[in-house]
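To start, the structure itself, in structure tokens.
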Amino acid sequence: AQKVTQAQTEISVVEKEDVTLDCVYETRDTTYYLFWYKQPPSGELVFLIRRNSFDEQNEISGRYSWNFQKSTSSFNFTITASQVVDSAVYFCALSEFSGGYNKLIFGAGTRLAVHP
Amino acid sequence: KAGVTQTPRYLIKTRGQQVTLSCSPISGHRSVSWYQQTPGQGLQFLFEYFSETQRNKGNFPGRFSGRQFSNSRSEMNVSTLELGDSALYLCASSSGLAGAGPTDTQYFGPGTRLTVL
């Protein structure tokens, strides 16, 4: 069973539009962490946020915000007023206590294209 | 602080050969993890090393191996290369001191793109 599902394969928006990237996860663990990473064309995965399973507070960082809802096993990512530099592939990832040390389970990724 | 570095950035090999990839973690980080990224399978965990010991392993055949040195630098080796091994290999480092489980944040390098002909 897929543990991290990013149903949106590709999203295309025009600059300044808001966009939400969906992430649904599956785990039996009570202790786990969720992450978002950005992968620009250069290939390096850039860390954006980490959220633990006991902290359901939403978080905002500049134009980025994250909505964590345990009731629906979702950890969605919203970019407000998108910019061309936001174009990249975005990955949601899960790290479970039962998975052992430092094992990230990634979703398939969502490719975001922001057009001028 | 300098980020995670990986060498070489690009590599072309032929089937049956073996290859060694190198990763230098962020200064002070003692954990190094390796991931394989392919269009078909996405990002998959290979293994994790801390203090020269493999602490965790993904579901890859024994042709994939790794090691870590006392300075925390890590290498991964793929023997008897197959066409399906063509991928971007990403290395990630973290402090490794957060204890068992998922609490570390991993920071990734730029990757080594391996092409097997």
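The values are calculated or read from the model by the stated rules, or taken from the named source; none is laboratory data. What you are looking at is a predicted structure, and each value in this text was computed from that prediction instead of being measured. Cβ: placed from backbone, ideal geometry, glycine included. Neighbour counts: every protein chain shown.
Pairs meeting the criteria (first residue in the range A:86-111 and free of Cβ contacts under 8 Å to residues at least 24 places away in the same chain and more than 7 Å from every other protein chain (Cβ to nearest Cβ), second residue crowded, with 21+ Cβ neighbours inside 10 Å and among the small types (G, A, S), beta carbons under 7 Å, at least 6 apart or on different chains) are lacking. For the range B:78-104, a residue qualifies if it is modelled with pLDDT under 90, surrounded by 18 or more Cβ atoms within 10 Å (Cβ to Cβ) and facing chain A (nearest Cβ under 7 Å), and the qualifying residues are B:G101, B:P102, B:T103, B:D104. Answer yes or no as to whether A:A1 is assigned to a loop (DSSP other than H, G, I, E, B), at pLDDT 95 or above and either in contact with a His (Cβ under 7 Å, 6 or more places away or on another chain) or loosely packed, with under 14 Cβ neighbours inside 10 Å (or both). No, not satisfied.
Scanning the range A:46-61 for residues that are under 25 Å from A:S98 (Cβ atoms) and within 12 Å of the chain's Cα centre (by Cα) yields A:F47, A:L48, A:I49, A:R50, A:R51. For the range A:36-51, the set of residues classified as among the small types (G, A, S) and either surrounded by 16 or more Cβ atoms within 10 Å (Cβ to Cβ) or more than 8 Å from chain B (Cβ to nearest Cβ) (or both) consists of A:G43 only.
Being surrounded by fewer than 20 Cβ atoms within 10 Å (Cβ to Cβ) and closer than 14 Å to A:T27 by Cβ holds for only one residue in A:S95, A:S74, A:S65, and it is A:S74. Within the range A:21-30, can one find any residue that is within 8 Å of chain B (Cβ to nearest Cβ), buried (at least 18 other Cβ atoms within 10 Å of the Cβ), more than 12 Å from the chain's Cα centre (by Cα) and touching a residue at least 24 places away in the same chain (Cβ under 8 Å)? For the range A:21-30, residues within 8 Å of chain B (Cβ to nearest Cβ), buried (at least 18 other Cβ atoms within 10 Å of the Cβ), more than 12 Å from the chain's Cα centre (by Cα) and touching a residue at least 24 places away in the same chain (Cβ under 8 Å): absent.
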